[in-house]
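For reference, the structure is listed below as structure tokens.
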Amino acid sequence: MSWFAALPDNAAGRDMVARFPDSARRIAAHGSGLPWLIGSLPPEQCTIVESGSARLAVLGYCPSTAVALAEQLVRIRGLADLDALAGALRGSCHLVLSLDGNTRVQGTVSGLRRVFYARCAGRVVAADRADVLAGATSAEPDELWLTAAVLGPDLPHPLADRTAWRGIEAVPADSALHLDARGQARLRRWWTPPEPTLSSADGAQALRTELRDAVAARTRRASAPVGCDLSGGMDSTALCFLASRGDPVAVTVHYRDIANDDAHWADLAATALPDLQRLIVESESVPRHFTGIAGEHPPTDAPSPLVRGRAVLGMSADLYARRGVRTHLAGHGGDEVVGAPVGYLHELVRRSPRTALDHLRGHRARHRWTLPQIVRGLSDRRSYAQWLRDEADLLTAPEQASRLFGWGVPLRLPPWVTLHGTQSVAAMLRACADHAAPLASTRGNHWALHRIQAAGRLYRLMLQEIQYPITHLPFLDDRVLEVCLAVRPADRGTPWRYKPLLAEAMRGIVPDPMLNRTTKAGTDSDFYEGLRANRSEVIDLVETAPLAGQGLIDPIALRNAVLAPNHRWSPALEDTLICLGWRPRIPITTTP
């Protein structure tokens, strides 16, 4: 298990070390000589530079050399001075700075790399895993938050930033944690989203450059074959073509769903990459969804999204490993980064009515909106806080009760959440509304950033399970997502083209037929077939999970939903099984 913890520049840090997992080793010391960083990290993901008593740790993937980082560290005089470097570094990494008795810790804007903190032995300590801090502080899982997590990726800000552990706090993705020498902490926001002013043409060129450089830096550094998923989706296909000079190993998985046309597009892409080392897994060899749902798997610090596809991803990881792949490039996060949720229409109709009407026609046909729904949604001027309060009142209402173009998708709990559970989640939403501020000033930009950070949180947990080969998600690099957010939402979200920003960015690199694709494949039938094939294990999970015994989930109603799944509640069923399937495991610790 890979992890790190950052200790304050205080003598109490020596006593804190004994509270952490036995796997802990001292990674680096403060300039004072006191413990600073402890944990267990691969050497290639840990770069530490010094300048006098100042220390900077770059933990994760960053193409910058130690020499270049040391040159930047010389210019830093205070914790806030790290803003410029953090806003310029490429890759995906944590930054930890020790300077004059103070410490700064931060993750990435996408949320793929998070920071948590808790009070330990009277001082605040930070870590990149919440369960590591839970072990050090004897924290317990938060059952109420787990019930709210049934909302899945729709769990709204700031509730989504909370952790699955009582007493363990999370640093918002746009902020850094500052620790002083006494071990006291404060949060400071250092990042704001760019203004979306770029045209589609300028944005496509910028995205092309960032993605090309992100992939090239990773393939250039790799000492073994690089793996790429050639799924047929536009995101993974783009990465395959960008990595093609490095002779990557590509895996294509053929799913059983006859409506899934990804295999056709993967085959088409492969014809343009004749030297590609391609591994094809035919549908009859693909593990059923939910296979191994009750089995042991690496611990995660929150409910893992792999409850459905764990066996499939594990199979792919094994295929890569057998081919000697150590670095795996995956297109996860592309959907959230290159597109724009429909909330952008709320502002577009005020800025550019003619364009908005054209987009509304397309979206209306696709989503089957009625004219009264559109008018009601566009005239809505509620604040983010009021939207949260209203959604708290509508948790069991029909979806149409919520207005279109709100600050997010309608929040709905499935019928197997009990009255007590529903009231508890509603109370949490109302409490959040009392101090909630949106992630951006407009609905479309807030919604877009929330989707990106939800993806970052989800795939972070996936990476905790699939630790080898090391998976990289270039679409969730901060510089890549910044470029996408800087493009006008109307250009990213047009209903008349599929992923137009990415298509134009890859023009001339990926053959045109693949860039003109208009469909996105699904695996609905694989979901239902997997549920049937593993029904007994799933039922056993439903009947024995601790959450089902807390009065928050009705196990009988949930059991019926497993036996006779309803398409309306299938996503919620998966999200519920994700929460029920989480078995919090505190890493082995040394008794202090």
Regarding Tyr459, is this residue of a type in the set (Ser, Thr, Tyr) and modelled with pLDDT of 95 or more?
yes
Filter segment 225-244 for residues that are within 13 Å of Leu273 (Cβ to Cβ) and of a type in the set (Ser, Thr, Tyr); which is surrounded by the most Cβ atoms within 10 Å (Cβ to Cβ)?
Thr237
Candidates Trp407, Trp447, Trp369, filtered to the one that is in contact with a Pro (Cβ under 7 Å, 6 or more places away or on another chain), part of a loop (DSSP other than H, G, I, E, B) and aromatic (Phe, Trp, Tyr):
Trp407
Just to be sure before I move on: is Val307 surrounded by fewer than 19 Cβ atoms within 10 Å (Cβ to Cβ), within 30 Å of Val215 (Cα to Cα) and within 27 Å of the chain's Cα centre (by Cα) in the structure I sent?
no
If I filter segment 213-224 for residues that are surrounded by 22 or more Cβ atoms within 10 Å (Cβ to Cβ) and closer than 20 Å to Asn516 by Cβ, do I get at least one hit?
no
Can you work out which of the residues in segment 65-117 that are assigned to a strand (DSSP E or B) and hydrophobic (A, V, I, L, M, F, W, C) is nearest to Cys484 (Cα to Cα)?
Cys93
Residue hits (segment 519-572; of a type in the set (Asp, Glu) and outside any helix (DSSP H, G or I)) are Asp554
Taking segment 506-536 and keeping residues surrounded by 15 or more Cβ atoms within 10 Å (Cβ to Cβ) and touching a Gly at 6+ places or on another chain (Cβ under 8 Å) leaves Ala521
Are any residues in segment 159-186 outside any helix (DSSP H, G or I), surrounded by 15 or more Cβ atoms within 10 Å (Cβ to Cβ) and free of Cβ contacts under 8 Å to residues at least 24 places away in the same chain, and if so, which ones?
Arg162, Pro172
Could you tell me how many of the residues in segment 168-225 are basic (Lys, Arg), modelled with pLDDT under 95 and within 22 Å of Ser64 (Cβ to Cβ)?
3
Filter pass, Ala57 being out of contact with any strand residue (DSSP E or B) (no Cβ under 7 Å at 6 or more places or on another chain), within 30 Å of Val215 (Cα to Cα) and either part of a loop (DSSP other than H, G, I, E, B) or not hydroxyl-bearing (Ser, Thr, Tyr) (or both):
no
Filtering segment 421-466 for residues that are more than 19 Å from Gly333 (Cβ to Cβ) and touching a helix residue (DSSP H, G or I) at 6+ places or on another chain (Cβ under 6 Å) leaves a count of 13
Can you tell me which of (1) surrounded by 18 or more Cβ atoms within 10 Å (Cβ to Cβ); (2) out of contact with any helix residue (DSSP H, G or I) (no Cβ under 8 Å at 6 or more places or on another chain) is the one Pro42 doesn't meet?
(1)
Sort through Asp380, Asp335, Asp301 and tell me the only one that's within 26 Å of Leu404 (Cβ to Cβ) and touching an Asp or Glu at 6+ places or on another chain (Cβ under 9 Å).
Asp335
Residues of segment 392-404 being in a loop (DSSP other than H, G, I, E, B) and among the hydrophobic types (A, V, I, L, M, F, W, C), in sequence order, are Leu394, Leu395, Ala397, Leu404
Top-ranked residue of segment 126-145 - restricted to ones that are within 21 Å of the chain's Cα centre (by Cα) and assigned to a loop (DSSP other than H, G, I, E, B), ranked as modelled with the lowest pLDDT:
Asp142
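The values are calculated or read from the model by the stated rules, or taken from the named source; none is laboratory data. What you see is a predicted model; the values in this text were computed from it and never measured. Backbone-built Cβ (ideal geometry, glycine too); neighbour counts: all protein chains shown.
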